[in-house]
1. Every residue in segment 278-310 that is among the basic types (Lys, Arg) and over 11 Å from the mean Cα position of the chain (by Cα), please.
2. Within segment 123-139, does at least one residue satisfy the condition of being more than 30 Å from LEU295 (Cβ to Cβ), surrounded by 19 or more Cβ atoms within 10 Å (Cβ to Cβ) and of a type in the set (A, V, I, L, M)?
3. Residue by residue through segment 361-402, note down the ones that are within 17 Å of LEU312 (Cα to Cα) and basic (Lys, Arg).
4. Taking the options ASP318, ASP298, ASP293, name whichever one is in contact (Cβ under 8 Å) with a residue 60 or more places away in the chain and either among the hydrophobic types (A, V, I, L, M, F, W, C) or more than 25 Å from LYS82 (Cβ to Cβ) (or both).
5. List the number of the failed condition for SER386; all other conditions in (1) part of a helix (DSSP H, G or I); (2) within 19 Å of ALA307 (Cα to Cα) hold.
6. Can GLY256 be described as buried (at least 24 other Cβ atoms within 10 Å of the Cβ), closer than 26 Å to PRO327 by Cα, among the small types (Gly, Ala, Ser) and touching a helix residue (DSSP H, G or I) at 6+ places or on another chain (Cβ under 7 Å)?
7. Inspect all residues belonging to segment 194-201 and state whether any of them is modelled with pLDDT under 95 and touching a Pro at 6+ places or on another chain (Cβ under 6 Å).
8. For segment 108-137, give me each residue that is part of a loop (DSSP other than H, G, I, E, B) and under 27 Å from the mean Cα position of the chain (by Cα).
Amino acid sequence: MRKNKIILLILYVLLIILINCSNNNPGNIEEQQYIPQPGMSVRDDRVVWTKKDDIPSPFLHDDGSVVNSPVEWEARRELIKKILEEYVYGPRPTLPIEHIETGKEYPDYFVSANAITYHAKIFYDNSRCFNIRVTRPSGNGRYPVIIRYENNEDFRFPIEKECIDNNRYVIVALNHLSVAPEEEQILENQMHESKVLMSWAYAASLTVDYLEMLDFADCSKIAVAGMSRTGKSAICAAVYDERIAIVVANSSGAAGASGFRNFGEKSTQAINIVRHQPTWVSEKLLEYIDNPDELPVDMHFARALIAPRVILTTEAYDGGGAKWAGPVSTFRIWEASDYAFELYGKTVNNLIHLRRGVHDQLKEDYERMMEVINHVFYGDSFESTSYRKNIYDYEFYRYGQY
């Protein structure tokens, strides 16, 4: 009996100690609310970046030393992905395909005399689904795939005819609005497990899962492309799915190829995206809305994770929302990510291009996209110099209205 009382007394004392430790160490609780990295600290219950003279670096170990090999960078990938989920994208879903419903194939003469098209619904989590349209050459064989976000299921991409005529590509149109809406409240029958940009990106991964079931898709050669908001998701898709060999984002802006810092550029969205489109990105960004320079991450973290694969970002310069997408910030993010590609000896895979004109995907943007994709997948001739220029090397920019 006495022995039992002693045991109970010991357990009681241990319980008191645990409670006191928990109450007296709020700093430990705060530290668990963010992912630590060099230059970060907690101040007034906020995580801040303490090196205001520079943007945060994804290339620093916890002891402050610099990553200096692909092996070291590979070891940091999962950490950087988690940082991006916390501060930018929100959590990544884990929803496997349940089943596929495919429509009947038909000759698609509207695209090409050589085109075969069908529509499909990809179901996940039982009754939820999203729509894709698949167009392929009519011949036998496996073809590289270009996945391009498009919610208008009747719209055909300007590249499709040439791609199909030349027996080169399968073209997949992924209806992102059938995954999650742009503006409205996200409903239970949609992909509500994450923010919108991540949901659209995850749908691209589910689409790749489906493509791996097909005998005409060469899934070692997959490109994902998007314009503006879907360009943001194209980058996100490539960050988290290494089966994507090429990502092309056109005028993708903040949370895409452009950063949350505006680098002194006026009339850009930058971190204000968290106010304008709160369903798209992590609410964590709100903590930095008045002090974006203290944000311990920016979009070069995402771009660097795509190395050594290929990323092309095409940007517009003047008029029609072009400056809203932040071209100066985009070039700063490009430069800041280049070290990751340099580690692999693949800076030629980190590509960017600026043109005059409005915020849109124009013929020139499609031509640039296909020049890169044809080079990577088919070895077509390619001159990288024009895709590796600093923004100040563009004469029209230097003598423009900035």
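The values are calculated or read from the model by the stated rules, or taken from the named source; none is laboratory data. The structure presented is a predicted model; accordingly, all values stated were derived computationally and were not measured. Here the Cβ is made from the backbone with ideal geometry for all residues, glycine too, and neighbour counts use every protein chain on show.
1. If we filter segment 278-310 for residues that are among the basic types (Lys, Arg), which is where we start, we get 284, 303, 309.
Scanning segment 278-310 gives LYS284, ARG309.
2. Yes, segment 123-139 contains at least one residue that is more than 30 Å from LEU295 (Cβ to Cβ), surrounded by 19 or more Cβ atoms within 10 Å (Cβ to Cβ) and of a type in the set (A, V, I, L, M).
3. Matches in segment 361-402: LYS363, ARG368, ARG388, LYS389.
4. Of the residues listed, the single one that is in contact (Cβ under 8 Å) with a residue 60 or more places away in the chain and either among the hydrophobic types (A, V, I, L, M, F, W, C) or more than 25 Å from LYS82 (Cβ to Cβ) (or both) is ASP318.
5. Unmet for SER386, out of (1) part of a helix (DSSP H, G or I); (2) within 19 Å of ALA307 (Cα to Cα): (2).
6. Taking the combined requirement at face value, the residue satisfies it.
7. Taking every residue of segment 194-201 in turn, at least one turns out to be modelled with pLDDT under 95 and touching a Pro at 6+ places or on another chain (Cβ under 6 Å).
8. Of all residues in segment 108-137, those part of a loop (DSSP other than H, G, I, E, B) come to 108-114, 125-127.
Answer for segment 108-137, where residues must be part of a loop (DSSP other than H, G, I, E, B) and under 27 Å from the mean Cα position of the chain (by Cα): ASP125, ASN126, SER127.
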